[in-house]
Every structure is written in C-alpha cells, then in structure tokens.
1. With crowded, with 24+ Cβ neighbours inside 10 Å, in contact (Cβ under 8 Å) with a residue 12 or more places away in the chain and in contact with a Gly (Cβ under 8 Å, 6 or more places away or on another chain) as the only criterion, which of 29, 65 stands out?
2. Do we have any residue at all in segment 54-67 that's charged (D, E, K, R), in the same structural domain as residue 379 (by TED's automatic domain parsing) and touching a Pro at 6+ places or on another chain (Cβ under 8 Å)?
3. With the requirement that a residue be surrounded by fewer than 20 Cβ atoms within 10 Å (Cβ to Cβ) and either on the phi > 0 side of the Ramachandran plot or not assigned by TED's automatic domain parsing to the domain that holds residue 10 (or both), what does segment 85-111 give you?
4. Taking the residues in segment 172-217 that are touching a residue at least 40 places away in the same chain (Cβ under 8 Å) and among the β-branched types (Val, Ile, Thr) as candidates, determine which candidate is surrounded by the most Cβ atoms within 10 Å (Cβ to Cβ).
5. How many residues are aliphatic (A, V, I, L, M) and free of Cβ contacts under 8 Å to residues at least 60 places away in the same chain if we restrict to segment 1-26?
6. Scan segment 160-193 for residues that are assigned to a strand (DSSP E or B) and at positive phi and jot them down.
Amino acid sequence: MRGEVERIADAAIATRRDLHRHPELSWREERTQRVILERLRALGLEDVRPLARTGATALARGAREGPCVLWRADIDALPVPEKTGLPFASEREGVMHACGHDAHAAIALGLAELAANARDSLAGAVRFVFQPAEEASGGAALCIEEGILEEPRVERCLGLHISADVPVGAINAAAGPFFASPTSLRIVIAGRGGHAASPHQSVDAVVVAAHAITALQTVVSRSLPPLESGVLTIGKLEAGFRGNVIAESAELRGTLRTYRESVRDRMVARVEEVCAGVCAAFGATATVEHRTSCPPLVNDEGVTAFVRAEAERFFGSAPRATPGMGAEDMAYFLRERPGCYFWLGARREGEGGPGRHHDPGFVIDERAIPLGLEFGMRLIEGSLAELARGA
C-alpha cells in the first residue's frame, strides 16, 4: 500500500463516520452534498458542481492528455432505525446508512484526493460522480441525462460496493449479469367484509391473500426453466381493521428479481394469472401493479477481467465470482459505457457478527476503507494506461 494512502486513511475513516452520523434519505442529501462539494473544492479539482439535484461531481485532470474514466459512488441512506450501538451512530431518528454508502462516498473522496495529488503522473482524467438516490432509484439516470458521460467523454465506468458478506482483503466480481433488475409488486385483493361470527356471508380477503402468497411461491419453482434465475418475495401484507371483523380487502407488496427481460415478463404474467385464479376460487378479485426501476447490472467482460487480475495481484488470491439478486442503478452507467462494479470485502468478524445490508445492525470492518483507496487507485491508473494503449 502506497504511503499516500496510509497518510489519508484515518481522514477517510473519519469522513465515513461523519457521514454515518448524519445520514440523509434519497433526494434529501443536502448536508452530504455540501460536505462533498467543500472537500472537492479544497482539492482544487476542475468542474466541481452539484449534479442531479443533490449529488456532486468533479474532474481530476492529469498533466498529460489521455482518456477519461468515471468513478461512481452513491451517497444516500435508508429509512432504517439504527441499532448498532456505535459511538458514531446515526443522529437522525429512523434514518441510517445501513448499506455502506457512507463508506462509498468516503472512499471516492479519498480517491479524488489521491488523483489530485497524482496529476503530474496521470495521462487522462478521472470523472468523480457522487450519485444521489440509489435506494429510491432514479439518481443514476438523472446523472446521465445531465450529460455526465460527456465533456470529456467517459470511456470506462468503475465503482465498488462495500460487502458485509465478503471478508476484508477480497473482492467479488464477475462478468455479465452481476446484479438483477428489480420489479416492485402491489397486489390488491378485493373480497367482501362482514362480522367474524358469520364468515359464510363474506369473502375473507385475509384467507384469499394467504392462499395467494402460498401459490405465488410456485412462480419461480414451477414456471421458470431450471437454468433461469428469478426471485419473488412478498414482504408486506396489510388487511383488516380489528379481530372480529372479516377484512374486505388486502394489499400485498413484494418484489421480483431477474437478469433477463423475457424472464421478468413471464414472471409478471404468472403473478397475474395466479392471483386471478386464486381469487376466482374464493369469489374475490385481484388487481396487480408492477414497476421495474432499473435494468440488470451487466459487467463488461474485458474490464472485469482487468479488475480481477488487478485484485489477484493486490490481494494475493483469486477473487470470488458470484452474481446476486440485489439491484443497483449503477446499471445505467454500465449500459452506456463498458465497466465493472464489484463488491469490496468489509465483513466484520467476531463479536456481534457482521450485520446484514439494510438491517438496523449493519456494520462494516473499516479496514476495508484504506484497501478500497489503494485498490481503487490501482484500477484508475491501470484503466487510464490500458485505454491509452488501446487508442
């Protein structure tokens, strides 16, 4: 690890803790934006400005002409009440950095400082994007609409996501579909309410919903080819007013995840068919609404091979190559330009366990931050050199 990384590592960790203490929800990242812009301006970078309403961007231009690579970090938090007991726990009730975006922003700011200090040795430019509203989805698309991939034209996109599942000192990166495309579901079942003592006079929406939830579990197991990937989860059920009243309606909310548009369409069609059939059997009706928020994240084969080779040299072992069914709107950047998005190991071992992403107890091992700085800088420098050779 280079001395410059060791010099700024403690400051990067302090930045992460400050952002963790002051989390902000999607499209409300005002303080986060101010902190980032102040740091970027202090570095003397070019084109420092707000981006996509509550995000930020800057350009680190090298002393010599060359290609431009983009480093993206998301910055928003989640509506999750923190239960970590950390000394720098969230001071905003019901809001928490429960997915590691505070670390992403801190690493990107550290990389901006490293790039600013390495101007004389860089041939090309690095576009830093601090993207808002990843959790709500929409931030990446707006960044692209505002022209962030042009002037100078970006030729490669890079980024990382902290992982509570991968150990410190390792990464997970695979070519092809790496994150899934998420489709939200809202299913409203309409029955007929009544008194709990006279169920024969009603159509119990709770009973219908229970049968529908069970039947929906067959959408993946019995409607998809075995070699296709899909996930369907119903995470919320709301129905009824009180214990002695039969509910007239029930609302189910859930998500389905796929890598392919054709699989998504098949799953949505089966959800509609299953709900209609179950409801018909009980004398109820169903309305199904669905919305796909971002495409699957697809890593470029050549760029991913480069990232994996750099990881093996730096970390000393072959990286994992395990795609997952999470969703990431970095997918929009990778749809426009070749690139690679990867998991950086930050699993905290020992007492208390690692905590899961989006969980009130989510924690990371902060030793991952200086590793992210060193590895990220190697990817930036290597990408500029590789692209220059290709030109």
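1. 29
2. Scanning segment 54-67 turns up no residue that is charged (D, E, K, R), in the same structural domain as residue 379 (by TED's automatic domain parsing) and touching a Pro at 6+ places or on another chain (Cβ under 8 Å).
3. Residues satisfying the conditions are 85, 94.
4. 189
5. Looking only at that region, the number is 1.
6. Answer for segment 160-193, where residues must be assigned to a strand (DSSP E or B) and at positive phi: just 176.
The values are calculated or read from the model by the stated rules, or taken from the named source; none is laboratory data. These numbers were taken from a predicted model, which means no experiment stands behind them. No Cβ is skipped: glycine too gets one built from the backbone with ideal geometry, and neighbour counts run over all protein chains shown.
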